[in-house]
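The next block holds one structure in the form of structure tokens; read it before the comments.
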Amino acid sequence: MAGQSFDVVVIGAGPGGYVAAIRAAQLGQKVAIVERENLGGICLNWGCIPTKALLRSAEVFHLMHRAKEFGLSVQGASYDLDAVVARSRGVAKQLSGGIGHLMKKNKITVFMGTATLPKPGVVSVKTDNGVEELAAKATILATGARARELPGLEADGDLVWTYRHALQPKRMPKKLLVIGSGAIGIEFASFFNTLGADVTVCEVMDRVLPVEDAEISAFAKKAFVKQGMKILEKTTVKKLDRKPGVGVTAHLEDAKGTVTAEFDTVISAVGIVGNVENLGLEALGVKIDRTHVVTDEYCRTGVPGLYAIGDIAGAPWLAHKASHEGVMVAELIAGGHPHPIKPGSIAGCTYCHPQVASVGMTEAKAKEAGFEVRVGRFPFIGNGKAIAMGEAEGLVKTVFDAKTGELLGAHMVGAEVTEMIQGYVIGRSLETTEEDLMNTVFPHPTMSEMMHEAVLDAYGRTLHS
């Protein structure tokens, strides 16, 4: 089987790689995909999907405790952590198996093994049966990323966990320190807090969820604190003293100095680094900047026939961005003329409680960029469906260019906002103005009506607040 030739070889079968492979196959290309671990990559197996399954269990548990509010009665609500984790793993396994089916359906050759690029147009795959050399007219790097490890804060799987350990916890933490309050950190903080852990979140920046609009961050923080979380901002974890079988003493430094605190478990969620090593990229002349492959807007690396998509190609580190880049590159390889992906029109979603979702510029970034802005806000408390759902805490915020009416950004915190944000995403893709949004008839009663009201509010026309 040595020396097989393909039009396209994709390295990595995550949401970027497997989608690129499917689209290339749809366009009549002969395609191979190489994966060293699991079809579906981190997202399906160790990221987006299994974490949502865990968070859904926590959400149901939380609602069980609120049963009385809804005129219902639940006695002795409890949970079985092993069963919660087993459900999460089952969901991941089902979806990963589905990717295998999609590969067969699209006649994509799958190689389970580790890839290297010995020279342009050749992909070498080390499998359990030896080494395969594949000739490739085009190669797509979709090798993803892994958890960043800071010196002294490295995970050991016992006292200090990465997201992987947290997805299959060997125990329920009693006193948990989460280092980093981006999406991964805050989702695990939310999960374990809801199940009863005493959670402290430590963030080096001046606020939690630091990439979000400041107003949304402040609203979310208030909700987290109300739920019993301790939030430490502008605080660095300098050192962890580990006592196996006992716990960890964390040395926490802020503007006032250093204090120590005891925890039985630590989750490190301080960002990610691209999987760029051991591929042979440097020898090919691929530019790498801070563990990410440098590409142009079409994901071209500068080496003819070699593309990089998804997390390995830099921010935003989101599965849906990777998938769309995969489609774009497949179309480019097949001779099409796709539009480049616009990072400002890619939504970010965080599935903590309350949920957070956003697209485009924050108010501060829009002002920094020189825009004169009009800002609209609408609270969940003014929405009938939100009150009926028992979810009256939340906020929808819109940012418009005062001169043109362009929707520059939208930011939300509250129940189901991760499902609602796509309305604004479509709006930005269609270059919608405030007038289009104001003239759109939103169905009643829905949470989405708040999106209408937040636009109306930016122009002094809100109806229900």
Cross-link pairs beyond the 23 Å C-alpha cut-off, checked among LYS175/LYS234; LYS222/LYS367; LYS174/LYS230; LYS52/LYS170:
LYS222/LYS367
Please tell me the relative contact order of the stretch 69-127 in percent, rounded to the nearest whole number, where contacts are Cα pairs under 8 Å and at least six residues apart.
17 percent
Relative to the compact-globule estimate 2.2 N^0.38 Å (N residues), the Cα gyration radius of the stretch 158-201 stands at a ratio of 1.00
Per DSSP helix of 4 or more residues, -39500 (n - 2.57); summed, then divided by the residues of the chain. What does that give at 222 nm, rounded to the nearest 500?
-9500 deg cm²/dmol
How about the stretch 1-65: which trypsin sites (Lys or Arg not before Pro) there lie in a loop by DSSP and see at most 13 other Cβ atoms within 10 Å?
none
Rounded to whole Hz, the Karplus (6.51, -1.76, 1.60) HN-Hα couplings of the stretch 172-178, x for glycine and proline
8, x, 8, 10, 10, 10, 10
Counting all C-alpha pairs of the stretch 54-172, share separated by more than 20 Å (%):
68 percent
State the answer as a single residue: which of PRO379, VAL441, VAL413 lies farthest towards the positive end of the charge dipole of the chain, with beta carbon charges of +1 for Lys and Arg and -1 for Asp and Glu, about the Cα centre.
VAL413
Dividing the mean separation of Cα pairs under 8 Å (6+ apart) by the residue count of the stretch 281-324 yields a relative contact order in percent of 28 percent
The stretch 1-80-the stretch 105-184 distance, computed between alpha-carbon centres (Å):
14 Å
Cα-centred dipole magnitude for the chain, charges only on beta-carbon of K, R (+1) and D, E (-1), debye, nearest 20:
880 debye
Using θ = phi - 60° and the Karplus form 6.51 cos²θ - 1.76 cosθ + 1.60, what ³J(HN,Hα) does each residue of the stretch 107-122 get, whole Hz, x for Gly and Pro?
6, 9, 7, 9, 10, 8, x, 10, 9, 9, 10, x, 7, x, x, 10
Calculate I(q)/I(0) for the stretch 102-258 by the Debye formula, one identical point scatterer on each C-alpha and no solvent, and give its log10 at q = 0.12, 0.13, 0.21 Å⁻¹ to two decimals.
-0.70, -0.76, -1.37
The Rg/Rh figure for the stretch 105-159, Cα atoms and Kirkwood Rh, to two decimals is 1.15
Against the empirical 2.2 N^0.38 Å scaling, what ratio does the C-alpha Rg of the stretch 302-344 come to?
1.13
May I ask you to compute the full-extension gain from LYS126 to THR258, defined as 0.36 nm times their residue separation minus their alpha-carbon distance, rounded to one decimal in nm?
42.7 nm
Within straight cross-link reach of LYS107, meaning Cα distance under 25 Å, which lysines are found once same-chain residues fewer than 8 apart are removed?
LYS30, LYS93, LYS126, LYS137, LYS321
Net charge, PHE378 excluded, C-beta distance under 11 Å - Lys, Arg +1, Asp, Glu -1
-1
Positive minus negative residues near ALA269 (Lys, Arg vs Asp, Glu; Cβ under 13 Å)
0
Two-decimal Rg to Rh for the stretch 203-274 - Kirkwood Rh, Cα set:
1.01
Given q = 0.10, 0.15, 0.17, 0.21 Å⁻¹, what are the Debye log10 I(q)/I(0) values for the stretch 187-322, with equal point scatterers placed on the Cα positions and solvent ignored?
-0.52, -0.90, -0.99, -1.19
Using 0.36 nm times the number of residues separating ALA392 and GLU431, minus their current alpha carbon distance, what extension gain do you get?
11.0 nm
Could you compute the net charge surrounding THR260? Neighbours are other residues with a C-beta less than 14 Å from the C-beta of THR260; K and R count +1, D and E count -1.
+2
In whole Å, what three semi-axes, largest first, describe the equivalent ellipsoid of the stretch 163-242 built from its Cα gyration tensor (square root of 5 times each eigenvalue)?
20, 15, 11
Using the heavy atoms of the protein chains and a 1.4 angstrom probe, tell me the accessible area per residue for the chain in square angstrom.
46 Å²
If you place +1 on the Cβ of every Lys and Arg, -1 on the Cβ of every Asp and Glu, and leave all else neutral, what size is the dipole of the stretch 1-92 about its Cα centre, to the nearest 20 Debye?
160 debye
After finding the eigenvalues of the alpha carbon gyration tensor for the chain, what semi-axes result from the square roots of 5 times each, listed largest first in whole Å?
37, 30, 22
Per-residue HN-Hα couplings for the stretch 27-34, Karplus 6.51 cos²θ - 1.76 cosθ + 1.60 at θ = phi - 60°, whole Hz, x for Gly and Pro?
8, x, 7, 8, 10, 10, 10, 10
A student asked for the Cα radius of gyration and Dmax of the stretch 324-465 in angstrom ought to give 16.1, 52
Please compute the contact order of the chain in relative form: average sequence separation of alpha-carbon pairs under 8 Å and at least six residues apart, divided by the residue count, as a percent.
14 percent
When the accessible area of the chain is computed with all protein chains present and a 1.4 Å probe, what percentage of it is carbon and sulfur?
55 percent
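The values are calculated or read from the model by the stated rules, or taken from the named source; none is laboratory data. What you see is a predicted model, and the numbers here were worked out from it, not measured in a lab. Cβ atoms come from the backbone with ideal geometry, glycine included; neighbour counts cover every protein chain shown. Ligands, DNA and RNA are excluded from the accessible area calculation, which covers all protein heavy atoms including side chains. Shrake-Rupley method; radii C 1.70, N 1.55, O 1.52, S 1.80 Å.
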